[in-house]
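Input: a single structure, listed below in structure tokens.
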Ligand code: ADP
Ligand code: MG
């Protein structure tokens, strides 16, 4: 077991429906700590940069438009095996395939508007955390 950090984003479909408290409760009930958090509106350029790994995918432009359709809440989560653990709490990308009790099963509207983002590896977590936060803003 290793203490890790991961980057979470509460996406525009969830902020629009006022679900940030319910999502944070799921995160905290699962034993992860929210050690940094801020609400912001991404620009199109920032959304394109954050999701650059998906630039060739057919859904890329729609995904970036969706991510700028309202405010997001970027968070740093900390805990044992936080990267994999948060992916478990989030559930599958497509809410139709998400397990019972997961954030996406309970809250996601669609495969695109699926309420949360979570880093997929410790290396990407470090890159994604530094995209949103300076070390001064993270209080473990
Ligand atoms: P995850 O967020 O589970 O890591 P991906 O990294 O594969 O999933 O995709 C990034 C985001 O792109 C997803 O969370 C979702 O918002 C969107 N997305 C993924 N696949 C599709 C798809 N087939 N159609 C529309 N949007 C998609
Ligand atoms: Mg991903």
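Read-outs: derived from the displayed coordinates by stated rules, not from any lab. Please read all numbers here as calculations on a predicted model, not as lab measurements. Ideal geometry is used to build each Cβ from the backbone, glycine not excepted, and the neighbour counts take in all protein chains shown.
For segment 54-90, the set of residues classified as closer than 19 Å to residue 23 by Cβ and part of a loop (DSSP other than H, G, I, E, B) consists of 69, 70, 71, listed by residue number.
Only one entry of 139, 82, 125 meets the criterion of being closer than 22 Å to residue 41 by Cα and in contact with a strand residue (DSSP E or B) (Cβ under 9 Å, 6 or more places away or on another chain), and that entry is 125. Number of residues in segment 96-125 that are more than 10 Å from ligand 1 (Cβ to nearest atom) and within 19 Å of residue 72 (Cα to Cα): the value is 5.
Residues checked against (1) in contact with a helix residue (DSSP H, G or I) (Cβ under 9 Å, 6 or more places away or on another chain); (2) in a helix (DSSP H, G or I):
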{"residue": "23", "(1), (2)": "yes, yes"}
{"residue": "28", "(1), (2)": "no, yes"}
{"residue": "39", "(1), (2)": "yes, no"}
{"residue": "47", "(1), (2)": "yes, yes"}
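Which of the residues spanning segment 80-101 are more than 17 Å from residue 33 (Cα to Cα) and either within 13 Å of ligand 2 (Cβ to nearest atom) or surrounded by 15 or more Cβ atoms within 10 Å (Cβ to Cβ) (or both)? Matches in segment 80-101: 91, 92, 93, 94, 95, 98.
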